[in-house]
Structures are given as structure tokens and as C-alpha cells.
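The structure appears right after this line, and notes come after that.
Readers should treat all values here as calculations from the given coordinates under stated rules, not as data from a laboratory. Since this is a predicted model, take the numbers as computed values, not measurements. FYI the Cβ positions are ideal-geometry reconstructions off the backbone, even for glycines, and counts take in every protein chain you see.
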Amino acid sequence: METQKHVKLFSIVPPRLGGLDLILPLYIKLKERHPRLSIELAFMDDRAYQDLIRDNFLYSEVKNCTDKIYRLKPQKGGKIINRFFSCLNSVPLFVKILAARKPVLLHSILIESLFIRLLSRVVRIRGGKIFTHLPSLHITLGVSPPDKVFGKVPDMDAFLYFGDSDVAYLEKRRFPKLIQMGYPRLFSSWKEYILDKSLELVKRELEEKNLSPDSRPVTVFVPSTVENIFNIQELKDWLISVLHILKKEFPKDVVILKPHPLQKMEILEKALKEIENQNVIISFLHAGILAASSKFVISHHSSTIIDSMGLLVPSIHYQEFTPHWLQRHPDGSSCLKLNPLWARDESELRKCITTALSKNYHAPKIETTLGHRENISMFFD
């Protein structure tokens, strides 16, 4: 990447907020390395943008490190109207790329689409580079997507992978070149930044909820529901079980529930009414920010546990594998490969909490397990 001021990175945001959360530390690291770099984001799914603005920290960081945001598919009405506005909203993006010298395109589209094909051609006309990355950590944790996910491979200079586990799967595909980038949420600069910001932001959140800002909370990463895999009643039972244990063991401590972006809030609110615990709050703060100020974290099957484990915060995976869960996930949970504390019932959860708070307990370093190595040199070659 050249050092001229007009060098631009155009990034197509993954379809879910977790995908943006995944790649944001890369934007920040690139800006630190090359302050004059211009970064412009394009949201192809407006739900990710709507979820973003609910997370004040993430939204602020995105605005601070990017120069422009395109919302390509805002929901305006029916299918035809949305398609019209999508085409209309894409025009400025194409114009900006055409005006750029040697632009860099970054996206997580694994199957070539008309939009990506046209965008790539414009980048090539301007002598630019194209990099692709995974939209989530599933492959890195050992969960391979169905083969149908990989159709015709889009044009790219290289596929940027996160960890060693990706290689075995990706080498079977038709990607021209694999380069390790590492997992951005484990970048050392990002973790240091999270640790620096956490105390202030969590204190402010507690003060706004009229709770003691000096309290060191327990954070619960609340999972989403999927029909016939982990249904609504199972979520309610899981949540009530967690809150029952925490209320009994830590009656005066604040419990922060961090909902999954796809979770319907009325389910959580109904469960909270049944618990009647004034010290339980719902927060949309970044998972890493909450984890960094917590005694420990309790999670279900979710890659969000990486945010807490990457910061060496004691993390408990609380889940019993039901027959219908195992039909979809025969290995139980890929998150267990990171070696968090694991509880299958309330008795084991109490023991895990005791272990997590023990002075002799040391959280595992997941960078080694994931085969994580930081590398952004490809953007500057």
C-alpha cells in the first residue's frame, strides 16, 4: 500500500454485526500504521448497521477510524423498491473507487456475485488489490460450513485467514493464495485498547442504571435461539438457572446480560420479570469491554467467549448438550476447544465459579490453540 494521502481501503462489511466486530481491530491497526489511509465501509445488510448503532462503543470506534459509511440496502419498502435503492446507493461507492488510485477492496463474500464481480472489475481497472476474509470464526474453531457455501470463487489477490485450523479446510478450495492475518480481536493493540477503556465505560453504564459504579460485575453472554436446536424455552430455562445461581452466590453483585444481536429482547425481558432481581441489567456494550471489568464470564455456545478468554478473564461455558443440539453439532461445541471452564448443570456451575475465583486458576492463552499470528504486511507490500 502506498503512502500517498489518496490511498483508500474499501471494506464490504460482513452481513452480521459480529462480522464487523471481528474486522474492526484490523481497521484500527491499519490506521495506526498508516494514519493517512482512508477507510470506507459499505453495509450490504442494513440489519448489521441497525445493530451497530445500539452498541455505543463499537459505533464510536467505527466512526473514529473510518472516513465514510455506505448503507447500500436500507429497508425502504418492498423487494423491488429495496432493489432500486440498493442500485442507487451503490453508485457513489463505484464512483469513489473509480476516482481512487490503486484502491484496496476487502470483503468476506465467499461466492462470486454480480455486485462483487462488478466491484472487483472497477478495482482492477484502477490497479488495486482485493483481499477476502472469513465472515466469522467458525472454521477457525473447527466448524466447517457446508460445501454449498463455496461456489465460484470471486477475484482476489489472497484469502486472509485467521488461524492454523483454517488452512486444512481452505486449501481444499480454489483460492489463489492463502496469507495468515491472525484473528483481529486478538491483536495485542486491540486488547490493550479494550483494557484501557473498559473500567470507565462500565462504570458509566452502572451509574446510568443507578447501580454502584464500584461494583465488579459478573457478565453473562446470552445466546440466540434457533428452532429445533436451542429453542426459546431452553433459553429461558438456561437464563433462569444462571441467574438463580448468581443471586444465591453473589446476592449483592451486579449481573450484566449481554444479549446476542439476533436475540429478541422480549424473551430476555420476560425472563427477568420472573427472576425479580434488581441487580440484573441488560447491556449493549461491547463484549470485550464488559468482560474486561468482570469477575468472570458465563457463556453458552458462542464465539463471543473469545473476547473474554483473549483478555484472560475466567470464562465458563455453561451448556448441557441435548439430543437435538447434537444432531446439529455432533462434537458438542467448538468453543470447548479453547479449554474454558465447562459446566453441564448447576452443581458443576457452582464448582466452576469457585475455580474461576481461585487465586490458583489461570485462564488459558487461546492464541496458541488457535494458531494466531498477527500480520498486516500484505496491505503494505
Across the alpha-carbon set of region 8-181, Rg over Rh with Rh taken as the Kirkwood radius works out to 0.95
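Tell me the net charge near Ser334. Cut-off is 14 Å between Cβ atoms, Ser334 excluded, with +1 for each Lys or Arg and -1 for each Asp or Glu.
0
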Per the rule of 0.36 nm per residue minus the C-alpha distance, extending Lys68 to Thr322 adds in nm 86.9 nm
For region 196-367, one quarter of the surface area of the C-alpha convex hull, expressed in nm², comes to 9.7
If each K or R counts +1 and each D or E counts -1, the residues other than Thr225 whose Cβ falls under 11 Å of its Cβ total 0
Largest fluctuation, Thr354, Thr304, Thr369 only, Gaussian network model of the chain with Cα springs under 10 angstrom, belongs to Thr354
In a Gaussian network model of the chain with springs linking alpha carbons closer than 10 Å, the residue among Glu32, Glu274, Glu205 that fluctuates most is Glu274
Taking N as the number of residues in the chain, the ratio of its alpha carbon radius of gyration to 2.2 N^0.38 Å works out to 1.02
Restricting to Cα pairs under 8 Å and 6 or more apart, the percent relative contact order of region 196-367 works out to 23
So, over other residues within a Cβ distance under 15 Å of Glu207, counting Lys, Arg +1 and Asp, Glu -1, the net charge is 0
In this structure, among Lys209/Lys236; Lys177/Lys264; Lys63/Lys129; Lys68/Lys337; Lys172/Lys258; Lys68/Lys365, pairs with alpha-carbon gaps over 31 Å are Lys177/Lys264; Lys68/Lys337; Lys172/Lys258; Lys68/Lys365
Most fluctuating of Asn339, Asn360, Asn89 in the GNM of the chain (C-alpha, under 10 Å) is Asn360
